[in-house]
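The values are calculated or read from the model by the stated rules, or taken from the named source; none is laboratory data. The structure presented is a predicted model; accordingly, all values stated were derived computationally and were not measured. Neighbour counts run over all protein chains shown; Cβ positions are idealised from the backbone, glycine included. Please note that ligands, DNA and RNA were not included when accessible areas were found on the heavy atoms of the full protein model with its side chains. Shrake-Rupley method; radii C 1.70, N 1.55, O 1.52, S 1.80 Å.
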Amino acid sequence: MLLTGCSMGSAIPAPEESFGATAPVVTGPQPAPARPATTLNLAAGTCWTGELLGEDPQLALKLAATFAISYFDAAYATKDRPAFLEKRRCSAKHAIEVYRLVQAAAVTPLVSDYGQLMRTQTLDFALLSAAVNQACMDDTLSSAATRSGVAGASLQPALPAGYRTTWAPATLEQWQRGQRLFACLLVQDEPSPLRYAALRTSSLPTVLRTCIASGPRIYVDCARPHDRERIAYLDVSGAVASGLFPGHSALRRSSGGAYLDEGAAFYAPLDQACTAYLRSVSSDPRLSGVAEIDVNAWPDAVGRYAISCEADTPANKPSKVTQGSVYNSVYDRLGG
């Protein structure tokens with residue numbers, strides 16, 4: 001079974017989970033050998049090994065002291081951020097690909113102090129994250145996301161557990177050398193030669209697509225019979241943080257479980273965004289994009305509010321059972 005997933009695991013708790021907004025100052029872990037700082041620069045189209053800043057507890061202590069935050073805030077901010085220590089040929093196995101760079105000066109809120117990038121539990125950081133995610137999209141993705149009508153929404157292809165698209169700032173050393181950049185990333189828990197450019201093409205193996213057999217209600221490899229395919233995620237975290245979109249507090253509960261009390265008019269523009277994305281990757285006119293909100297993952301394990309886009313037959317037509325992915329050569333012909 002393939003379940004779409006998102007994030008690298010970590011033993012470091014979110015600050016609000018264990019320590020509250022005013023976490024006590026602690027000494028942190030026992031001293032350990034510090035990892036070397038990167039001497040390399042970021043560039044689009046480069047691939048890297050998977051070392052993380054969060055693997056160095058001494059770095060978290062240093063950053064906590066430098067920016068007057070708790071050790072736990074520093075550790076939480078860096079736990080999944082790449083250290084950018086060693087490059088790999090992108091044609092070889094790699095854990096991280098930088099597929100696009102975003103200038104810090106090109107997005108708001110503006111970052112004047114690297115310490116702002118360490119305070120990840122603030123509204124400003126949530127808005128910055130939404131802005132960077134938007135800047136990581138190309139024109140096709142941006143156009144589809146705009147159809148949702150949700151301010152700050154971003155859209156990326158769906159991937160199974162162990163793969164994700166995300167972003168990270170340059171390391172402190174890179175930032176101090178003048179690389180005031182945010183890196184748009186494709187991250188793989190198990191390194192492989194997979195490139196971001198392949199995500200919207202027919203070359204991606206069906207085992208990395210997530211399809212749904214609605215009868216038995218199971219996720220399957222798209223090579224097997226199914227009637228739905230999860231094709232993308234629409235991230236509305238920035239809008240939720242700004243109070244422009246219903247978040248966790250909007251969930252209602254009944255004897256049947258939790259639900260989001262919204263009608264068809266609420267979902268219509270979200271469906272339009274999903275359909276616009278579907279049309280960019282598939283030539284099958286019998287399918288439409290359908291937006292789905294999983295209330296059990298609202299937000300998900302890393303605090304993200306992500307709406308699933310699924311390819312399905314319209315509600316007024318018989319379900320279409322098929323094999324293979326909806327992704328075909330449309331995007332290939334457009335040049336990728």
C-alpha center-to-center spacing [the stretch 35-79, the stretch 83-106] in angstrom: 15
Leading residue at positive end of dipole, the chain (Cβ point charges), from ALA44, LEU63, LEU260: ALA44
Accessible-area composition of the chain, carbon plus sulfur, in percent [1.4 Å probe]: 52
Positive-end residue of ALA145, THR313, VAL240, charge dipole of the chain with Cβ unit charges: THR313
Cα-centred dipole magnitude for the stretch 46-333, charges only on beta-carbon of K, R (+1) and D, E (-1), debye, nearest 20: 460
Correct choice for mean projected area of the Cα convex hull in nm² that was computed from the model, options [x] 19.1; [y] 18.0; [z] 23.3: [y]
ALA37/SER249 FRET efficiency (R0 45 Å; Cβ-Cβ; nearest 0.05): 0.65
Mean residue ellipticity (222 nm) of the chain, computed from DSSP H runs ≥ 4 via -39,500 (n - 2.57), nearest 500: -6000 deg cm²/dmol
Listed residues ALA161, GLN179, TYR327: farthest to the positive end of the dipole of the chain (Cβ charges): TYR327
Heavy-atom surface of the chain, accessible at 1.4 Å and reported per residue (Å²): 47
